[in-house]
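Reading through the structure tokens given below for one structure.
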Amino acid sequence: MLKKTVCALMASLLVGTAAAQAAGPVRVGGSVRYRPGAGLPPFRPPVVRPPIRPGTGAIIRHEIRREIRREIRRERRNRAIFFGTMAVVGTVLRSLPPRHTTVVVNRQTFYFADGNYYTQSGGGFTVVPAPYGVVVPVLPSEYSMPLMVGSQEYFYAQGYFYRRAPNGYICIAAPIGAVVNVIPESAVRRGDLLEYNGTFYREIANGEYVDYEVVRAR
């Protein structure tokens, strides 16, 4: 009797093992667990994913911001180099710069220093626009720009135009058609034009830069 019972138990174990092998892996708690003897799991090739890159919109916005910052730095550098010593018209100083020249136009005395003009008023000196017809011995070389309008040579310094004269350089009205790459920051917008000291400029595109063409002068 005992022998029959043992044989029955062994037979049931064999049947259970065969059924487990046929059923394959068992899923427990969301993961796959393989039974002993069920064999190795099936081979799955690795998934190759493309590298993660920012979206096209983000790249474009980044490039625009970088170009704007670059343009701002370039414009500030140009103005600092060209108008490094320019004084704002109307500013009153207690004393003149150490290196200045006295010039007389129509019996009025002006003082010229670093491209700026001063007149004495009260106990100080006031920055004034350049008087047309004044002749100065030299121009500040680091702040002057030679340019050609037609066949005539001019010089542009601190927002004013000059021509060669026997005793130096004579300040003249801006020649129509002259193109410069920078104008003083105190220029005032008048509709589509920019005006500085009676000279009107039109903005013109020059590649990635902006130039300024004289269209009207007093």
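The figures follow:
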{"item": "FRET efficiency estimate (nearest 0.05) - Cβ-Cβ, THR102 to ALA173, R0 41 angstrom", "result": "0.95"}
{"item": "Residues ILE68, ILE176, sorted so that the one with the fewest Cβ neighbours within 10 Å comes first", "result": "ILE68, ILE176"}
{"item": "Calculated FRET efficiency for the pair TYR132/VAL188, C-beta based, R₀ 22 Å, to 0.05", "result": "0.65"}
{"item": "Whole-number percent relative contact order across the range 87-207, with pairs defined as alpha carbons under 8 Å at least 6 apart", "result": "16 percent"}
{"item": "Sorted by Cβ neighbour density within 10 Å, fewest at the top, the residues PHE112, PHE155", "result": "PHE155, PHE112"}
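Every number here is computed from the coordinates shown, using simple stated rules; none is lab data. Every value quoted in this text rests on a predicted model; they were computed, and no experiment measured them. Cβ: placed from backbone, ideal geometry, glycine included. Neighbour counts: every protein chain shown.
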